[in-house]
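Notes for the one structure printed next.
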Amino acid sequence: MSTKVAIIASNGGLFDAYKVFNIATAAAATDAEVAIFFTFEGLNLIHKQEFQQLPMPAGKEHFEAGFKAANVPAIPELVGMAVEMGVKIIACQMTMDVMNLEKEHFVDGIDVGGAVTFLDFAKDANVTLTF
C-alpha cells in the first residue's frame, strides 16, 4: 500500500507556494499518491498569471537572492514538476464560481472539483496538511 498525502492550499503567497509544492513533489518522489486542493487565495498558486508574481512576505525580500543562489526552482517550474510527477491538482469549483474564474485561467493538467472530490481522496490519507 502506498502512502497518500492530502494537502489543502488556501493561502496565496510565495512562501505558501514553496511549502505546498516542496512537500508535494518530495512526497511524489517517494512514490506517494498526492492530491492538493486549492481554494480561496490558494488558487493563485496555479493561476497562469498570478503564479508568475506571487507576493514575497514584507520584510523578507532578502530571500529572493537566496532562492537564486541556492538554485531553487521558480513556482511555475515547481507546478510543472508536480503535474509531471502525477500530483493531483484540484481547483475548488465553489471558489472559482465566487471569483468568476474558469478552468482556462489555470495551468494545464488540473482537475476542478468540490470539497467532496478532495475528501474522497483524503479520507484514507496517511498525511494531511494545510497551508
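Observations, loosely collected:
- Given the choices (i) 14.3, 44; (ii) 14.1, 41; (iii) 16.7, 55, Rg and Dmax of the Cα atoms in Å derived from the coordinates of this structure is entry (i).
- Inter-label distance for Asn22 and Lys68, nm, one decimal - labels placed 7 Å from Cα along Cα-to-Cβ: 2.0 nm
- Three-way shape label, segment 28-82, alpha-carbon gyration tensor, a/c 1.5: oblate
- Hypothetical label at Asp108: residues of segment 76-91 whose amide nitrogen lies under 12 Å (7 Å Cα-Cβ projection): 84
- Across the accessible surface of the chain, with the other protein chains kept in place and a 1.4 Å probe, carbon and sulfur atoms take up 55 percent.
- Efficiency of FRET between Ala29 and Asn100 - r from beta-carbon atoms, R0 41 angstrom, step 0.05: 0.70
- Residue pairs, from the table Lys48/Lys88; Lys4/Lys68; Lys4/Lys103; Lys88/Lys123, whose Cα atoms sit over 20 Å apart: Lys4/Lys68; Lys4/Lys103
- Karplus (6.51, -1.76, 1.60) ³J(HN,Hα), θ = phi - 60°, over segment 53-61, in Hz, Gly and Pro reported as x: 9, 5, x, 7, x, 4, x, 10, 4
- Solvent-accessible area per residue for the chain (1.4 angstrom probe, square angstrom): 54 Å²
- Protection-proxy order for peptides 31-39, 98-106, each taking the mean of Cβ atoms within 10 Å per residue, highest first: 31-39, 98-106
- Contact order normalised by residue count of the chain, Cα under 8 Å, 6+ apart, percent: 39 percent
- Backbone HN-Hα couplings from phi across segment 107-118 [Karplus 6.51/-1.76/1.60, Hz, Gly and Pro as x]: 4, 5, x, 9, 10, 10, x, x, 4, 4, 4, 5
- Total formal charge among the other residues, if their Cβ is under 11 angstrom from that of Val127, Lys/Arg +1 and Asp/Glu -1: 0
The values are calculated or read from the model by the stated rules, or taken from the named source; none is laboratory data. Computed from a predicted structure; not experimentally measured. As a convention, Cβ positions derive from the backbone with ideal geometry for all residues, glycine included, and neighbour counts pool all protein chains shown. Just so you know, the surface numbers come from the protein's heavy atoms only, side chains and all, with ligands and any DNA or RNA stripped out. Shrake-Rupley method; radii C 1.70, N 1.55, O 1.52, S 1.80 Å.
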